[in-house]
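Participant: Quick one: this structure, given as structure tokens, is what I'll be asking you about.
The values are calculated or read from the model by the stated rules, or taken from the named source; none is laboratory data. Quick caveat, the model's predicted, so the values are computed rather than measured. Cβ coordinates were reconstructed from backbone atoms using ideal geometry, including for glycine residues, and neighbour counts include every protein chain displayed. Heavy atoms of the whole protein, side chains included, go into the accessibility calculation; ligands, DNA and RNA do not. Shrake-Rupley method; radii C 1.70, N 1.55, O 1.52, S 1.80 Å.
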Amino acid sequence: MIDTHCHLDGEEFREDLDAVVTRAREAGVEAIGVPGIDLTSCETVIEVCRRYPGYCYPMLGLHPEEVKADWKDVLAQIRQKLPAPSKGEAKGGVVPIAIGEVGLDFYWSREYEQEQLLAFEEQVRWSVELRLPLMIHCRKAQNEMVTILKKYKDNLPGGVFHCFTGNALEAQELLQFDRFVLGIGGVLTFKKSHLPEVLPAVVPLDRIVLETDAPYMAPVPQRGQRNEPAFVAHVLHRLADAYGVSVEDMARQTDANCEKILNIVV
């Protein structure tokens, strides 16, 4: 069982990070993907992954909600932390497994809409250049995101559409991108979620990975609490139930999907 998206470097985990990781291990979590969201977090993500080598895996990128007027300078600095295409080695000795968390978010504001579009496309180009998958955040911007990705469709190495909560048509539109999977988290367990019906109807089992997005989006029965990677077990169980397969088979399949897309081997 792998949590592909967890902000372990956040302030919310500063006081008890070792205990959080211990609980994750005890719950059966075999690896954790840790995404960056801005210049500062790209440093703290690396620090966390150095602290838990072979267990926590870094991703580096600029989150759309962090895109401001200085986005070009920020991206230039993040780019320096990524591996050279031929060497496969990042500065600092920790090799990122993906470009992320990147994407588009027009939910709260469109103040930096053009900057978001340009920053996202630049990081998509990094993915193509470095052959690193994308960890994509998208909220109220699927049409714009798909338009950009289509430009690079034949060359994209793959990635994860993080925190998928959409309908069947939206899922099918995303699955047109080969080697991309949907990241499924705590929303699946919510009482009013339509995902337990949508996913089995249109999404093959080899196109799904598990995530928590901790410390956010805690699943039932922990909803309202700080989320943590151990809670991904609740997502796994609900997903297995929705697809009518055993928990063990679902864990094996989602682990295999992680190995294929994110190169996390457990």
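Participant: Could you please let me know if F120 is on the phi < 0 side of the Ramachandran plot and either part of a loop (DSSP other than H, G, I, E, B) or without any contact (Cβ under 8 Å) to a residue 24 or more places away in the chain (or both)?
Facilitator: no
Participant: Could you check segment 7-51 and list, in sequence order, the residues that are farther than 21 Å from L134 by Cα, of a type in the set (V, I, T) and out of contact with any Asp or Glu (no Cβ under 7 Å at 6 or more places or on another chain)?
Facilitator: Listed by number, the residues that qualify are V21, T22.
Participant: Among the residues of segment 1-21, how many are within 26 Å of N257 (Cβ to Cβ) and open to solvent by 10 Å² or more (accessible area, probe 1.4 Å)?
Facilitator: 4
Participant: Let me ask something additional. Can you pull out every residue in segment 234-266 that is small (G, A, S) and touching a Leu at 6+ places or on another chain (Cβ under 9 Å)?
Facilitator: Answer for segment 234-266, where residues must be small (G, A, S) and touching a Leu at 6+ places or on another chain (Cβ under 9 Å): A242, A251.
Participant: Hey, G54 hits all of (1) assigned to a loop (DSSP other than H, G, I, E, B); (2) open to solvent by 50 Å² or more (accessible area, probe 1.4 Å); (3) in contact with a helix residue (DSSP H, G or I) (Cβ under 9 Å, 6 or more places away or on another chain) but one; which does it fall short on?
Facilitator: Exception for G54: condition (3).
Participant: Separate question: Within segment 143-166, can you find the residues that are closer than 18 Å to D213 by Cβ and surrounded by fewer than 20 Cβ atoms within 10 Å (Cβ to Cβ)?
Facilitator: T165, G166
Participant: Could you list all residues from segment 167-187 that are out of contact with any helix residue (DSSP H, G or I) (no Cβ under 7 Å at 6 or more places or on another chain) and either on the phi > 0 side of the Ramachandran plot or open to solvent by 10 Å² or more (accessible area, probe 1.4 Å) (or both)?
Facilitator: L169, Q176, D178
Participant: So, A31, is that one modelled with pLDDT under 95 and open to solvent by less than 10 Å² (accessible area, probe 1.4 Å) or not?
Facilitator: no
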